[in-house]
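Presented below is the structure to which this report refers.
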Amino acid sequence: MEMKIEDYLAQGGVLTSPANVPPRYRAELMKLMATFVDSELAGAAGFADIINEGPGIKERIAAARIVLEKTDHADKVLRVMGDFGVDQGRYANHHPWTARLAREADIGATRGEHDMRLAVFNYPLAGWADAVVMNLLMGRAVVVQLAEMQMVSYQPLAVAFRAIAPVELRHAELAEEGIARLLDEGQREAVEASVAYWWPRVAASFGQGESGRFDALRAMGLRRSTTSELRARWDAEARGALDRLGLSAP
């Protein structure tokens with residue numbers, strides 16, 4: 001007797017082609033990919049605007065590399081979306097990636113009207129120190145989320161995320177090094193203000209509570225850890241990074 005595809009996925013099976021993907025699975029997979037692509041493109045666009053505020057050539061090169069690599073990561077996942085019929089060329093030019101809300105806005109985990117980026121990427125950066133702090137805190141969140149996403153049941157996407165993960169980890173490490181330099185230069189007050197600003201906004205990117213969708217996503221092999229588990233891992237990793245720098249979380 002042939003196993004139903006839902007049972008196959010619930011038992012840890014993997015899919016390798018759009019041809020054998022059920023409709024609901026496809027919808028959830030596309031949402032996951034669009035959220036990642038839109039967040040990477042919006043994040044790269046925001047960071048690109050700050051490159052020339054870098055205090056030296058090395059910092060500007062590092063920032064430019066981060067912009068390049070985040071754009072490349074979006075492209076890797078967009079190629080997988082292309083297998084499902086997404087027009088990759090039009091997609092990259094379809095949304096206002098540089099669009100931002102006012103600095104004092106507070107939208108929690110609400111997405112914007114333009115695209116599927118995480119809410120945190122709707123807030124503007126306020127100078128070099130602020131950008132580096134955001135890159136550290138959100139970089140640690142991305143590392144936690146990618147550890148989860150490397151295990152998704154759609155194999156081509158899992159392979160893409162495994163290639164992306166070590167590069168995103170390096171981005172977080174570069175941010176930590178950048179903050180250490182800022183502290184050495186006497187910019188503790190600016191760094192602490194940015195930590196206080198970005199901490200709750202990055203925390204909100206994990207969502208609030210457990211949605212009723214979690215069990216369905218787990219059965220499809222698209223989620224393994226709960227929202228609270230992911231947020232707790234980020235909290236521990238981010239606090240560890242701040243502690244190494246002699247800083248405290250809010």
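The values are calculated or read from the model by the stated rules, or taken from the named source; none is laboratory data. A quick note: this is a predicted structure, and the numbers were derived from the prediction, not measured. Glycine also receives a Cβ, built like all others from the backbone with ideal geometry; neighbour counts cover every protein chain displayed. Note: accessible area is taken over every heavy atom of the protein model, side chains too, but ligands, DNA and RNA are not part of it. Shrake-Rupley method; radii C 1.70, N 1.55, O 1.52, S 1.80 Å.
Of all residues in the range 170-187, those satisfying the criterion of being open to solvent by 60 Å² or more (accessible area, probe 1.4 Å) and closer than 17 Å to Met138 by Cβ are Arg170, Glu173, Glu177. Report every pair of residues separated by at least 6 positions or lying on different chains whose Cβ atoms are under 7 Å apart, first residue within the range 211-239 and more than 27 Å from Thr16 (Cα to Cα), second open to solvent by less than 60 Å² (accessible area, probe 1.4 Å) and assigned to a loop (DSSP other than H, G, I, E, B). These pairs meet every condition: Arg231/Phe206; Trp234/Phe206; Ala238/Ala249; Arg239/Ala249. Flag: Tyr154 matches the condition of being in contact with a strand residue (DSSP E or B) (Cβ under 6 Å, 6 or more places away or on another chain) and aromatic (Phe, Trp, Tyr). Restricting Val80, Val37 to residues that are more than 27 Å from Pro124 (Cβ to Cβ), touching a helix residue (DSSP H, G or I) at 6+ places or on another chain (Cβ under 6 Å) and modelled with pLDDT of 95 or more narrows the list to Val80.
May I ask you to verify whether Ala163 is among the aliphatic types (A, V, I, L, M), within 20 Å of Leu68 (Cα to Cα) and not in a loop (DSSP other than H, G, I, E, B)? Yes: the conditions hold for Ala163.
In the range 51-74, of all residues being among the aliphatic types (A, V, I, L, M) and open to solvent by less than 40 Å² (accessible area, probe 1.4 Å), the one that is farthest from Asn135 (Cα to Cα) corresponds to Ala74. Which residues, taken from the range 95-105, are loosely packed, with under 14 Cβ neighbours inside 10 Å and either more than 19 Å from the chain's Cα centre (by Cα) or of a type in the set (Lys, Arg) (or both)? The answer is Ala102, Arg103, Glu104, Ala105. Between Ala204, Ala190, which is small (Gly, Ala, Ser), closer than 26 Å to Leu41 by Cα and surrounded by 15 or more Cβ atoms within 10 Å (Cβ to Cβ)? Only one candidate qualifies: Ala204.
Taken over the range 220-250, the criterion of being outside any loop (DSSP other than H, G, I, E, B) and open to solvent by less than 30 Å² (accessible area, probe 1.4 Å) is satisfied by Thr227, Leu230, Trp234, Ala238, Gly240, Ala241, Leu242.
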